[in-house]
Each structure stands twice: as structure tokens, then as C-alpha cells.
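What follows is one structure encoded as C-alpha cells, with my remarks underneath.
The values are calculated or read from the model by the stated rules, or taken from the named source; none is laboratory data. Nothing here was measured: the structure is a model prediction, and the numbers come from that model. Please note: Cβ atoms are built from the backbone with ideal geometry, for glycine as well, and neighbour counts cover all protein chains shown.
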Amino acid sequence: MHIAVIGNGIVGTCCAAWLQREGYRVTFVDPLGPAEATSFGNAGSLSPSACLPVGMPGMWRKVPSWLLDPLGPLVIRWWYAPVVAPWIARFLRASDRAEVVRIATALRHLLAPIFDCYEPLLQRANAMGLIRRSGCLYVYSSREIARQWAWGMNLRRSLGVELRDIEEEELVALEPDLKGRFRFGLLAPENGSTLDPAALTRALYAQCERDGAQAVRARATGFRAAGGVVTGVTLDSGETLDCEGVVLAGGAWSARLANQLGPRIPLETQRGYHVTVESSNLGLTHTVMAVEHNLMVNPMRMGLRLAGTVEFAGLDAPPDMRRAKALLARGQELFPHLDASRVSEWMGHRPCLPDSLPVIGRAPRADNAWFAFGHGHVGMCGAASTGREIANLVAGRAPEIDLAPFAPTRWS
Ligand SMILES: Cc1cc2nc3c(=O)[nH]c(=O)nc-3n(C[C@H](O)[C@H](O)[C@H](O)COP(=O)(O)OP(=O)(O)OC[C@H]3O[C@@H](n4cnc5c(N)ncnc54)[C@H](O)[C@@H]3O)c2cc1C
């Protein structure tokens, strides 16, 4: 059976790799090369602990002060506010305690097998060296401040996430660069990260090609269908790619195509930024999440990557690189000896649903089309387990986790 996979970011690539393990023939459809969109520049964390949704109880109280700071952790460009308002209303509804527990439970099921689902793919691609399982440190300026996040951390623990309290002395012993600013931490020892998210995606993609995958460098514009079955993908080149099944993994750009195969899905882009510091002069060995500062810091092979912030401004507005510079300024404040003489900046589009859960499942109006998009802040984390589940669905097998919370029909 020939499956067209729309999108060659980390999610489409993992879907393709898992489908090939089942013996399916795969053709990628993407105008870009592998990992040239959001999967290029993310923070690279591979965290089974990252099961909390973005919208947490009480968050709405912080939003007004965030919005007053144009370079703060959350910004909505004024002209985009009316467009995104209904999405934000849904997002806030999903941040109620009971909803958060439901969402975190579903995400934990998707993320707990991160390494089990990546490892067979990475081993085949001879790319195990691109991941590291050294744990993640959530760090705080004091234990008292950490208590503000205790409800979420306890929820993680109740779902089986191991989190170990780390007092200042041990924190500094683990990571001398944290000395001074951070006095308390939580170590998530089961977490890991990639040394280079783009290289990881490309290594898996190259293995897909070696295993016979073809690539069509074009944008998918729609589907040719007959009797509830997709028979081809129409392309902006004017041609149609014949196929016997299709997986839509177009990241933040998936909505237009998804809406042709089912009810409207409220997909929004949360634009995020990174700055990568070459020769940073820091010796971090863990992924570090500076919780109060909404800043993730990850030592990678090309340098130290600082990433974060959310900007609502749609898919087409140019990046506002002042936000990347603000990340760097925050990094310099937290790590005064950070050498920032050589840096690169980047913006990417996190594909986000209001409930922070991706869409994984069969398209409502086609028997042989499957959706795999909307992984928001955890697309690197959730890509391989999504691929495994998509392969199960395509093969007609029961999924290994409950996919009901991820259903494409959940807003209809
Ligand atoms: C600053 C930042 C930090 C992040 N940090 C982390 C992190 O530490 N850990 C983590 O797990 N996640 C992180 N993320 C999120 C993660 O990067 C994304 O969830 C993930 O990359 C999404 O992958 P994707 O394959 O769905 O989308 P993408 O990588 O964006 O790929 C989508 C592909 O689909 C193609 N496409 C779209 N429309 C069409 C069409 N019509 N026809 C053909 N092709 C099409 C695009 O060209 C693109 O190549 C971060 C994101 C940002 C922005």
C-alpha cells in the first residue's frame, strides 16, 4: 500500500519511518527539505515529564501583566487579537483543573514511551548519538518560589513522572553554572534531549530514503477522493500524486487540508524563538528549564540554545527578532559569564490546539486518511510515539495508547 505523507518535519518523518517498518511504501510531499520548518530550531528537549498543558489553572491572572511587556513571555500582536480571540477563549476553558488533569493524563501516555519509540528508528539510522539521556533540571530562585508550581509538579508525579528535589548545594555540584541565581531545583532523571533536532530529523529522513521513500517537492493543495476514499493528493504544480492512503503531518499549516477531510479544527500557531550561542563559555550538561523565566536552555552540539516565548501573529507575519534578543538578554542576566559574541536567531511555528493535545486519528471524512499534527510545544517529544500509533491505525490494529483524547472530531 502506497501512503503519501504530507510534511517532512519530525512528525511526518517519524510517521513515515514507522509505516515503513510495517512494509508500507511512502512518498513524502513537502515543498521544503526535511526539518526546514519548526523541527529545525526547537529546544530539543525529549521529556516524558512534559505532560502538562500550556494553559494551567490560574494562568489567566498572569496574562494581563505578560501582555503589557512587548518582549515578555507572551505577546499578541494587536492586529491579530480579533483573529485569535475565540482560540484563546477555548484555551482558557481548557485550563480548568479537571481538564488539565485529563489532558496531562493523555499527554503522559503519549510521552512516556518517547525513547522506546525513537530508539528503533535511531538505531536503524545509526543516529543514537544524537540523543542524550542526562535528565532535565527545573530550576527556581528559591524553594518558596517553586511552591507556586507545586500543583503541576505534583500532578506530574501522580502520573508516574520521577522528580527529585535538589537543594542548592547539590544543584551547584551538578551544574556549577547555576550558582548564584538558582537555589532550588527538581531533577527529572528520565528526561533527555537531542544534540541537534534538525540533524535528528534529517538522519531519520535519510534512512527513510534508503528504505525506499520517494519525495515530491511540492505543496499539497487538496485531495482527489471517491466514495470516502482518498485516491490522490493534488499539488501546487498542477499534478496529482496517486496514493492509496495519506497521512497529514503538515505542522502549523495543516488546518486548510484537514478541513477538507472533516469538521474545522482550531489550529493556531504559537510562534517561538531561539538564540543559539556558539562557544557560550558555559559547561551545562543537563537541559535546564528556568521556570520563573519561561526559558529553556539546552547545550547542543552547535552551541547553547536558549528558547521560549509565545507570540500570536499568524503564519505570515515576519519574525520579530527583538524577541530572540530578549531571550539572549535574559540568558545573560541569569548566566553573567555567558559569552554571546557569536549567536544565531530563529523563529518557528508551534502547531497548537487549545487543549495542548495533538490531533492523532483517522480523518472524519475519509477512510484512508490519518491526521498527525498539532504537537505544540512537544512535537520533538511526541513525534515517534505518534508515528507508532499512526502505523497501528493504518495497519488496522488497536493503538497502544488511548487515542480518544486526540480525536480529530473533538471540537465538533
Ligand atoms: C522555540 C521552540 C522551541 C521548541 N522546543 C521544543 C522542545 O524542546 N521539545 C519538543 O518536543 N518540542 C519543541 N518545540 C515544538 C516542536 O518544534 C514542534 O512541535 C515540532 O517541530 C512540530 O513538528 P511537525 O513535523 O509537526 O512540523 P514542522 O516541523 O513545522 O513540519 C511541517 C512540514 O509540513 C510541511 N507542509 C505544511 N503544509 C504543507 C502542504 N500543504 N503540503 C506539503 N507540505 C506541507 C512544511 O513545509 C513543513 O516542512 C519547540 C518549538 C519552538 C518554536
### Query
Which of the residues spanning region 358-370 are within 17 Å of residue 106 (Cα to Cα) and crowded, with 24+ Cβ neighbours inside 10 Å?
358, 359, 360
### Query
Does region 364-375 include one or more residues that are part of a strand (DSSP E or B) and more than 22 Å from residue 232 (Cα to Cα)?
no
### Query
Do we have any residue at all in region 247-259 that's surrounded by fewer than 23 Cβ atoms within 10 Å (Cβ to Cβ), of a type in the set (Phe, Trp, Tyr) and either farther than 25 Å from residue 360 by Cβ or touching an Asp or Glu at 6+ places or on another chain (Cβ under 8 Å) (or both)?
no
### Query
Can you name every residue in region 251-272 that is under 13 Å from the mean Cα position of the chain (by Cα) and at negative phi?
252, 269, 270, 271, 272
### Query
Where residues in region 251-305 are acidic (Asp, Glu) and in contact with a helix residue (DSSP H, G or I) (Cβ under 8 Å, 6 or more places away or on another chain), which of them is nearest to residue 325 (Cα to Cα)?
292
### Query
When you go through (1) touching a residue at least 12 places away in the same chain (Cβ under 8 Å); (2) on the phi < 0 side of the Ramachandran plot; (3) not acidic (Asp, Glu) one by one for residue 399, which number turns out not to apply?
(1)
### Query
Being over 19 Å from residue 177 (Cβ atoms) and within 14 Å of the ligand (Cβ to nearest atom), is that true of even one residue in region 275-290?
no
### Query
In the list 344, 385, which residue meets the criterion of being of a type outside the set (Val, Ile, Thr) and buried (at least 23 other Cβ atoms within 10 Å of the Cβ)?
385
## Note on the structure
For residue 355, the lone unmet condition from (1) touching a helix residue (DSSP H, G or I) at 6+ places or on another chain (Cβ under 6 Å); (2) over 22 Å from residue 399 (Cα atoms) is (2)
### Message
Residues that are at pLDDT 95 or above, part of a helix (DSSP H, G or I) and within 19 Å of residue 49 (Cα to Cα): does region 398-412 have at least one?
### Response
yes
### Message
Step by step: first the residues of region 200-218, then only those that are of a type outside the set (Val, Ile, Thr) and surrounded by 18 or more Cβ atoms within 10 Å (Cβ to Cβ), then the one that is nearest to residue 121 (Cα to Cα). Which residue is that?
### Response
204
### Query
Would you pick out the residues in region 341-386 that are among the polar types (S, T, N, Q) and within 15 Å of the ligand (Cβ to nearest atom)?
344, 356, 385, 386
